[in-house]
Every structure is written in structure tokens, then in C-alpha cells.
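First the structure, in the form of C-alpha cells, and then the observations on it.
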Amino acid sequence: MNKTSFLLPLAALAAAVLLGGCDTFNKRADEKSAVFDALSPATQKRLERGKIHVGDSEDLVYIALGNPDEKRQVTRADGTEAVWVYRTYWEQYEGRAWVGWRRIVVPAAGGRGYVVYHEPVTQDIYRTRVDEVIRVTFTKGVVSVVEQNKR
């Protein structure tokens, strides 16, 4: 068995495991199939592109965007509102930092004794960043406000 014929099934298995547990549009549409199948083809395409509009139900927002990172309840004098917050996460490179010294011991020339070298050790530094991408407010079960960052 050559290396390529071994790695190809392994890569396919890894992709299936990774994608099988993902929250994808198709999985969400299947989960809410009764709602999704009743929609017009134009609305289905809009949700597939991740676009939501004022007046959409919570089910439509879930199909389009998935589970929010945070759900809030806002109480006002005229009633309560639900707010769903979606965020994006990434690692930002911050540079390199010195973390110490590494000791290297090598045989001395001529085979008598050893020579000790010390070399600096550095490490890449990353910082986790979080950005709120979209905030959806529901009043009486439908979208009343969509706040989205411009990119």
C-alpha cells in the first residue's frame, strides 16, 4: 500500500468527522424542515446566504445564522424583547517574546570534555480577539431590529 492510498481515506474520514459535527445551513434547514419547506424559493436562497430581514421569525434567523453566542432578555415598559448576539473569534499575531534560554551540550573538539552553549528561546504571541458581528432584537417573536457591523 503506497502512502497516497493510505492518506486519502484518512483525510476523507477526518473531513467527515469534522463536518458531521458542524452547525451548517443544511443541517439547520433539515432540523426546521417544516418551516423551511413552506418558504418561497427566494426566501430560502436569502436564508442560505445568511441574510435576515425585519419581520423574520426566530426560526428563520436560526436557519440563516445558527445558534447565537448569547441570548439576552430586555424588559421595557411596553413588554419584553429577546436579543440574540452573534460574535466572531480569531487569533491576532502580537509578535515574538523572549521566554528564556536553552542549554545545549556538545562534545568538545578532540573528544575531551564538553562545551555548553546557551541560546535564546522565543515564542510567537497571539491574542484571542472577539468582535460582535450582528445583534438581532425580537419583539413578539419577530425581528424588529438588526444591528450589523460594516466591514
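What follows draws every value from the coordinates through simple rules; no lab data is involved. Just so it is clear, the model here is predicted, and its values are computed rather than measured. So basically every Cβ, Gly included, is an ideal-geometry build from the backbone, and we count neighbours across all protein chains shown.
Of the peptides 51-62, 95-106, the ranking by mean beta-carbon count within 10 Å, highest at the top, reads 51-62, 95-106.
Here Ser33, Ser144 are placed in order of increasing Cβ neighbour count within 10 Å, fewest first, which gives Ser33, Ser144. Which cross-chain or sequence-distant (5 or more) residues have an amide H under 5 Å from the amide H of Arg87, H modelled 1.01 Å from N in plane? Hits under the 5 Å cutoff: Asp69, Val133. Taking a straight line from the alpha carbon of Lys32, these lysines sit under 26 Å away, with near neighbours fewer than eight places off in the same chain left out: Lys45, Lys51, Lys71, Lys140. A viscosity of 0.890 mPa s and a temperature of 25 °C, combined with the Kirkwood radius over C-alpha pairs in the Stokes-Einstein formula, give the stretch 24-148 a diffusion coefficient of 129 µm²/s. For Asp56, the residues whose modelled amide H falls within less than 5 Å of its own, excluding neighbours fewer than 5 places apart on the same chain, are Val143. The H on the amide N of Gly50, modeled in the peptide plane, is under 5 Å from the matching H of no residue at least 5 residues off or on a different chain.
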